[in-house]
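A short worksheet on the structure shown next.
The values are calculated or read from the model by the stated rules, or taken from the named source; none is laboratory data. Please read these numbers as outputs of a predicted model, since none were measured by experiment. Virtual Cβ from ideal backbone geometry, glycine too; neighbours counted across all protein chains shown. What goes into the accessible areas is simple: the full protein's heavy atoms, side chains included, and nothing from ligands, DNA or RNA. Shrake-Rupley method; radii C 1.70, N 1.55, O 1.52, S 1.80 Å.
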Amino acid sequence: MLNPTRIFAAASIAAMSLFAGSAMAEGEKYVIGTDSTYPPFEFVDASGTIQGFDIDITKALCAEMKAECTFVSTDWDGIIPALNAKKFDMIVSSMSITPERLKLVDFSNKYYNTPPAIAVPKDSTISDVAGLKGKVIGAQTSTTHANYAEKHLADTELKLYPTADEYKLDVASGRVDAVIDDVVVLSEWVKSDAGACCKILTTLPVDKEINGNGAGIAIRKGDPLKEKLNTAIAAIRASGEYKKIQDKYFDFDVYGE
């Protein structure tokens, strides 16, 4: 993360940006930007509502901060520029905390940390990472996973897509040989009807320079919201609310090391 929210995302952002400018001053209302095409972390349900692990975690953080929060779907490629243009107050969209992104925005502490992985069609003859040589690998553009493939899978052909939904369609139809993404995203997908075509080939070693130190909440440089978020993350971890939400989506510790 094609997604019906794209139809109304621009209008939603325009409307919500009116609130975003005042959110920080009041300290009670926040607009959250998210690319809602990345299940199980963020997705749009049949009613058109944004759902997912990231969304539930954010709602818990907002409740802890006694703040009113509204979610806006926006394209991944422009999500950091939109934050810095004050279209919303924070990004909660499984964004990895990386040195490159830290040049542009600040981050809260991590709220989860999982490794990248490779998925291939079930009938693929590829049996390990070495077997990817000369193959075409799909990834979502402007992601750590695309950067990982460029560095560590340089002997493959990398094909980039605006959303995860699109690379999934292409690997299912045989237009690419494999895809790279977060292990949770790929694992949930291959367990679904839509991902019945495929299987997990392997997880990959984390490259902290590329993958960072987990997913965090992005805010504008110097924003005091960072400390409020860090306090709230620690609080929902301590209270058990984090585990309650985690257990709704996963059967393992998604917080990671």
Quiz item: Would it be correct to say that residue 4 is open to solvent by 50 Å² or more (accessible area, probe 1.4 Å) and at pLDDT 95 or above?
Solution: no
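Each row is one residue, and each column tells you yes or no for (1) at pLDDT below 95; (2) of a type in the set (Gly, Ala, Ser).
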residue: 13; (1), (2): yes, no
residue: 25; (1), (2): yes, yes
residue: 55; (1), (2): no, no
residue: 71; (1), (2): no, no
residue: 100; (1), (2): yes, no
Practice problem: Only strands (runs of 3 or more DSSP E) wholly contained in the range 154-257 count here; list those with 3 or more residues that are open to solvent by 20 Å² or more (accessible area, probe 1.4 Å). | Solution: 157-161, 198-203
Practice problem: Report the residue count in the range 166-188 for those that are closer than 20 Å to residue 95 by Cβ and out of contact with any strand residue (DSSP E or B) (no Cβ under 9 Å at 6 or more places or on another chain). | Solution: 1
Quiz item: Is one or more of the residues making up the range 61-72 surrounded by 21 or more Cβ atoms within 10 Å (Cβ to Cβ), farther than 21 Å from residue 249 by Cα and under 17 Å from the mean Cα position of the chain (by Cα)?
Solution: yes
Quiz item: Can you name the number of the only condition in (1) surrounded by fewer than 22 Cβ atoms within 10 Å (Cβ to Cβ); (2) under 27 Å from residue 55 (Cβ atoms) that residue 129 fails?
Solution: (2)
Quiz item: With respect to residue 68, is the statement that it is within 30 Å of residue 190 (Cα to Cα), out of contact with any Gly (no Cβ under 6 Å at 6 or more places or on another chain) and acidic (Asp, Glu) true?
Solution: no
Quiz item: Which one of the conditions (1) of a type in the set (Gly, Ala, Ser); (2) under 20 Å from residue 111 (Cα atoms); (3) open to solvent by 10 Å² or more (accessible area, probe 1.4 Å) does residue 52 fail to meet, given that it meets all the rest?
Solution: (3)
Quiz item: residue 122 passes all but one of (1) outside the structural domain of residue 174 (by the TED database); (2) surrounded by fewer than 15 Cβ atoms within 10 Å (Cβ to Cβ); (3) among the basic types (Lys, Arg); which number fails?
Solution: (1)
